[in-house]
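Inspection log for the structure reproduced underneath, given as structure tokens.
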Amino acid sequence: SMNKLNLPNFLFAWEDIREAREKVTGKNVVALAVVNDEDRVIQDDYIEALKSRNADYILWSKRHSPENIEKIKAA
């Protein structure tokens with residue numbers, strides 16, 4: 001579940017490792033958060049925070065959609 005405590009931790013870790021991973025691999029690295037939206041409604045601010053840091057996401061309730069399956073394959 002995404003909340004105001006673990007979202008900043010995820011984004012900090014993503015920003016912390018992205019540059020180093022891209023340098024080592026020579027590839028564009030993406031973050032992909034799988035967000036449990038079945039227990040509670042996800043606030044739009046949380047999704048916007050992910051987007052603002054170029055982190056992609058999959059809502060758990062839509063994990064089987066073709067678009068999201070492609071995101072997983074690409075990651």
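If you go through the range 15-58 and keep only what is part of a helix (DSSP H, G or I) and either within 17 Å of A74 (Cα to Cα) or among the hydroxyl-bearing types (S, T, Y) (or both), you end up with R18, R21, E22, T25, Y46, S52.
For every residue, the table says whether it meets (1) open to solvent by less than 100 Å² (accessible area, probe 1.4 Å); (2) out of contact with any helix residue (DSSP H, G or I) (no Cβ under 6 Å at 6 or more places or on another chain); (3) of a type outside the set (G, A, S).
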site	(1), (2), (3)
K4	no, yes, yes
L11	yes, yes, yes
A20	yes, yes, no
T25	yes, yes, yes
V35	yes, yes, yes
Y57	yes, no, yes
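In the range 37-55, the qualifying residues are those that are surrounded by 15 or more Cβ atoms within 10 Å (Cβ to Cβ) and of a type in the set (V, I, T), and the one that is farthest from L11 (Cα to Cα) is I42. On inspection, E67 does not qualify as open to solvent by less than 90 Å² (accessible area, probe 1.4 Å) and either in contact with a Lys or Arg (Cβ under 9 Å, 6 or more places away or on another chain) or of a type outside the set (V, I, T) (or both).
The values are calculated or read from the model by the stated rules, or taken from the named source; none is laboratory data. Quick caveat, the model's predicted, so the values are computed rather than measured. Positions of Cβ are generated from backbone atoms using ideal geometry, with glycine treated the same way; all protein chains shown enter the neighbour counts. What goes into the accessible areas is simple: the full protein's heavy atoms, side chains included, and nothing from ligands, DNA or RNA. Shrake-Rupley method; radii C 1.70, N 1.55, O 1.52, S 1.80 Å.
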